[in-house]
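Notes follow the structure.
Values in this text are rule-based calculations from the coordinates and carry no lab data. Here the structure is a predicted model, which is why all the values come from computation and not from measurement.
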Amino acid sequence: MKSLQNLLKKKFPGGNSQQKMVLDDKTVFFVFKKSCGRVRQFGDRNFQPDYFSGHTIFIKCQSSNWASELWLNKNKIIRKINKELGEDIITDIKSK
């Protein structure tokens, strides 16, 4: 199994770590689900990433209660995602 760091190294165009990282939806959603599992044991069955646009992840929540939990913990999740990515890429998480 490939490590996340190896995957992210491939996201740097030309292999230059000084350049901006190019991220796709799959990578961001993988890191989101991984980070959600670490915050208050959310689990990935309660949230379904919908799309990633700009610096915002849009999430479909199982219920309004889970949307509230996401809103209350979104700063923790954003910090964990950005730490995992090694760069401040995500600035907001919005529920649908």
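Between Arg45 and Lys94, 0.36 nm times their residue separation minus their Cα-Cα distance comes to what?
Working: separation 49, 0.36 × 49 = 17.64 nm, distance 1.71 nm.
The Arg45-Lys94 span can extend by a further 15.9 nm.
Once you have the Cα-Cα distance between Glu87 and Phe58, take 0.36 nm times their residue separation minus that, and quote the gain in nm to one decimal.
Values: separation 29, 0.36 × 29 = 10.44 nm, distance 1.92 nm.
Net length gain for the segment: 8.5 nm.
Subtracting the Cα-Cα distance from 0.36 nm times the residue separation, let me have the gained length for Arg79 to Asp25 in nm, one decimal. Before the final figure, lay out each step's value.
Working: separation 54, 0.36 × 54 = 19.44 nm, distance 1.81 nm.
Fully extending the segment from Arg79 to Asp25 adds 17.6 nm.
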For the stretch 40-96: Kirkwood Rh in Å [reciprocal of mean 1/r, alpha carbons]: 11.5
Relative contact order (%) - criterion: Cα under 8 Å, at least six apart; region: the stretch 27-96: 34
